Amino acid sequence: MARISKFVRGEMERISLHDPIEAIYYLHEKDGRKLFQLNTMGRDSREIPGKVSQSIQLDQESAEQLVLILQRHFNMK
């Protein structure tokens, strides 16, 4: 599990399209701070189906960073 503090742009030479999986999100408040948590589930063919594969948390600051990145990349308003 990790709480993202900062997004840094990287460059990849090759990219492949990943298999679709399910993600579950949670909205928390801890010590007066709002948190967004995203848990990704492994593929259905995984040894333990339905087990959480990754868990990522965003706080207000990192959520704002991600929203700006997504708006710019996908030309959203």
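The values are calculated or read from the model by the stated rules, or taken from the named source; none is laboratory data. This is a predicted model, so every value here is computed, not measured. Virtual Cβ from ideal backbone geometry, glycine too; neighbours counted across all protein chains shown. For the accessible areas, the whole protein counts, side chains as well, though only heavy atoms, and no ligand, DNA or RNA atoms are used. Shrake-Rupley method; radii C 1.70, N 1.55, O 1.52, S 1.80 Å.
Out of segment 20-63, which residues are under 17 Å from S5 (Cα atoms), open to solvent by less than 100 Å² (accessible area, probe 1.4 Å) and among the charged types (D, E, K, R)?
Of everything in segment 20-63, just one residue is under 17 Å from S5 (Cα atoms), open to solvent by less than 100 Å² (accessible area, probe 1.4 Å) and among the charged types (D, E, K, R), namely D59.
If F7 satisfies every condition in (1) open to solvent by less than 80 Å² (accessible area, probe 1.4 Å); (2) of a type outside the set (A, V, I, L, M); (3) without any contact (Cβ under 8 Å) to a residue 12 or more places away in the chain but one, which is the exception?
With respect to (1) open to solvent by less than 80 Å² (accessible area, probe 1.4 Å); (2) of a type outside the set (A, V, I, L, M); (3) without any contact (Cβ under 8 Å) to a residue 12 or more places away in the chain, F7 is out only on (3).
For a quick check of your reading of the model, give me the residue pairs whose first member lies in segment 65-77 and is surrounded by 10 or more Cβ atoms within 10 Å (Cβ to Cβ), whose second is among the aromatic types (F, W, Y) and in a loop (DSSP other than H, G, I, E, B), with beta-carbon atoms closer than 8 Å and at least 6 apart or on different chains.
So the pair list comes out as Q65/F7; L66/F7; I69/F7.
List the pairs whose first member sits in segment 51-62 and is within 18 Å of M41 (Cβ to Cβ) and free of Cβ contacts under 8 Å to residues at least 12 places away in the same chain, whose second member is part of a strand (DSSP E or B) and open to solvent by less than 60 Å² (accessible area, probe 1.4 Å), and whose Cβ atoms are under 8 Å apart, counting only residues at least 6 apart or on separate chains?
Listed pairs, sorted by first residue: K51/M41.
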